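Enquirer: I have a structure here, written as structure tokens, and I will follow up with some questions on it.
The values are calculated or read from the model by the stated rules, or taken from the named source; none is laboratory data. In this text, all values refer to a predicted model and were calculated from it rather than measured experimentally. Every residue, glycine among them, receives a Cβ derived from its backbone with ideal geometry; neighbour counts consider all protein chains shown. Please note that ligands, DNA and RNA were not included when accessible areas were found on the heavy atoms of the full protein model with its side chains. Shrake-Rupley method; radii C 1.70, N 1.55, O 1.52, S 1.80 Å.
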Amino acid sequence: MYASREDIGYDFGDDSKVRSKPIKPNPNIDGGWAWMIVLSSFLVHILIMGSQMALGILNMEWLEEFNQSRGLTAWVSSLSMGITLIVGPFIGLFISMCGCRTTAIIGGILNALGWILSAYASNVHYLFLTFGVTAGIGSGMVYLPAVVMVGQYFQKRRALAQGLSTTGTGFGAFLMTALLKYLCTEFGWRNAMFIQGAISLNLCVCGALMRPLSPKDLREKYVLRSDSEENRAKALSHSTETIKSNGVLGEEPEKKEEATNEEVLGSVQHIEIGGKSASGRSMYGLRLFKTLSQLTVTVRKGFALWYSSYFGATSLFTNRVFVAFIIWALFAYSSFVIPFIHLPEIVKQYNLSRQDNVFPLTSIIAIVHIFGKVILGIISDLPCISTWNVFLMANFTLVTCILTLPLMQTYVGLAVVCALIGFSSGYFSLMPVVTEDLVGTKHLANAYGIIICANGISALFGPPFAGWIYDITEKYDFSFYIAGLLYMVGIIFLLIQPCIQKKQPREKSTEAQV
């Protein structure tokens, strides 16, 4: 019923050349500095995703302070979560031009600024701009590089590495919930946001740890990956040849562009050498011209890669399974976000505040979420297990929990469902792995940017929709039912497309025989 990782593999040229020449692997791939990248990504998930999962605490404070409807107030949290993910494709452009390290450092400064400015909010609409937009864009500029860098530094243990790094979301949700509760009680929500802004400056340190791999190291990784997946390459040889005939895997334009860029820089260097006998002013002008030329080449190269991924011959949208993955992402994330934003209100509605104060339901989700990511990552790295199958099973479990949560009206029942939600949502650690299997390492930044953009749209409209339904019905039940059904539609798309993908080569081979 399910498609394996090999069945859905769809390559864009990263692994097309399998070399027999043995290459000494870089010690930093799957080891060495790679674990510092995991630590950096782990801290990013604590400070960004963990903080966003704890926004239910601030949401209650904003309801009390500004006395607005639940639907309108929920837009503050949704904008922050949604924009963090929606800006993914544009952050992919930044990464192509500036690299992950520079992008993350700028994002850390922007995120901290958003938190600090929000401490002076006079109304909900002010928070839309400062917390929703400013902090949201900053979060996106740090989050995507944190995920992409782990994918670049790991080959054999990708699922485990992504699982360990993304456990920061669970740790962060648990820690930040307790921290924001304490800060709001002791200092008020305004000072709490100011302090959180100061803490968020640590994102700049996380960005500084994202040391880029050299192009040589990346080439070695591609070769090693090709050698380890030789059987997969043979299985996909027919589809690869078809893509090549359409020009998708053609590397000549890139080579020509690189040659042109080298000629430009070479001519500038020649002029500079010839100008050594000229005056100091001329030398300064030549150096400035050389710097601008190098910057122009970098920007052009980055934009060309970004543009080709979306609109060129190598467009990611030619991969049908990837398109189904995008449709799934449009419905999936809201089902995970809605409980975090509205559970504190549900607990209050069911008069379970006393039990929830002892052990908050959101903390149960966060703690079990940690174990879910690690365990699902370990299972997915087993040779006999398909990452795709694990991913789908976790999705089925999560959608079942979302549909049954409104039926639970006791603390124990809600705690059990929340624990299952936390464990099954550990599939988030598999999303970068599944994405890389679909499009290859070279296109990971742009492809994952699209996926988290779709997730962002889901997160943007999910909580306000749930608040709006509550304002009409005075119940959250219908919000969970509708979100669960839409989520199920996304899962069905994931199941249908791999089956279609498998049937097409068989039909073509039958036509060839005839």
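Enquirer: Among the residues of the range 467-481, how many are within 22 Å of Phe396 (Cα to Cα) and either buried (at least 17 other Cβ atoms within 10 Å of the Cβ) or touching a Cys at 6+ places or on another chain (Cβ under 8 Å) (or both)?
Expert: 3
Enquirer: Something else now. Could we say that Arg190 is under 27 Å from Leu444 (Cβ atoms), among the charged types (D, E, K, R) and open to solvent by 20 Å² or more (accessible area, probe 1.4 Å) here?
Expert: Answer is no for this residue.
Enquirer: If you go through the range 36-88 one residue at a time, how many are more than 25 Å from the chain's Cα centre (by Cα) and of a type in the set (Phe, Trp, Tyr)?
Expert: Total meeting the criteria: 2.
Enquirer: Identify, by number, the condition in (1) within 30 Å of Trp62 (Cβ to Cβ); (2) at pLDDT below 85 that Gln155 doesn't meet.
Expert: It fails just one condition, (1).
Enquirer: Just to check your reading of the model, which residue among Thr166, Thr185 is crowded, with 24+ Cβ neighbours inside 10 Å and in a helix (DSSP H, G or I)?
Expert: Just a single option satisfies the conditions, and that option is Thr166.
Enquirer: Read through the list (1) at pLDDT 80 or above; (2) open to solvent by 20 Å² or more (accessible area, probe 1.4 Å), then give the number of the only condition that Ser214 fails.
Expert: (1)
Enquirer: Let me ask something else. How many residues does the range 348-375 hold that are closer than 13 Å to Thr177 by Cβ and assigned to a helix (DSSP H, G or I)?
Expert: Residues flagged as closer than 13 Å to Thr177 by Cβ and assigned to a helix (DSSP H, G or I) within the range 348-375 amount to 10.
Enquirer: Exactly one condition in (1) open to solvent by less than 10 Å² (accessible area, probe 1.4 Å); (2) under 24 Å from His45 (Cα atoms); (3) in contact (Cβ under 8 Å) with a residue 60 or more places away in the chain is false for Lys442; which is it?
Expert: (1)
Enquirer: For Phe174, work out the one condition from (1) surrounded by fewer than 23 Cβ atoms within 10 Å (Cβ to Cβ); (2) modelled with pLDDT under 90; (3) not small (Gly, Ala, Ser) it doesn't fulfil.
Expert: The failed condition is (1).
Enquirer: Another question about this same structure. Determine if the range 336-348 includes at least one residue that is among the basic types (Lys, Arg) and more than 19 Å from the chain's Cα centre (by Cα).
Expert: yes
Enquirer: Still on this structure, please answer the following. Can you pull out the residues in the range 87-127 that are β-branched (Val, Ile, Thr) and surrounded by fewer than 24 Cβ atoms within 10 Å (Cβ to Cβ)?
Expert: Thr102, Ile105, Ile106, Ile109, Ile116, Val124 - these are the residues of the range 87-127 that are β-branched (Val, Ile, Thr) and surrounded by fewer than 24 Cβ atoms within 10 Å (Cβ to Cβ).
Enquirer: Under 8 Å by Cβ, and 6 or more places apart or on different chains, what pairs join a residue from the range 334-354 that is outside the structural domain of Met176 (by the TED database) and modelled with pLDDT of 75 or more with one that is open to solvent by 10 Å² or more (accessible area, probe 1.4 Å) and among the acidic types (Asp, Glu)?
Expert: If the second residue must be open to solvent by 10 Å² or more (accessible area, probe 1.4 Å) and among the acidic types (Asp, Glu), the pairs left are Val347/Asp356.
Enquirer: Report yes if Leu39 is open to solvent by 10 Å² or more (accessible area, probe 1.4 Å) and in a helix (DSSP H, G or I), otherwise no.
Expert: When the stated conditions are applied, Leu39 passes them.
Enquirer: Suppose we keep only residues that are closer than 23 Å to Ile492 by Cα and surrounded by fewer than 24 Cβ atoms within 10 Å (Cβ to Cβ) within the range 369-386. Which one would you say is nearest to the chain's Cα centre (by Cα)?
Expert: Per the criteria, the residue is Ser386.
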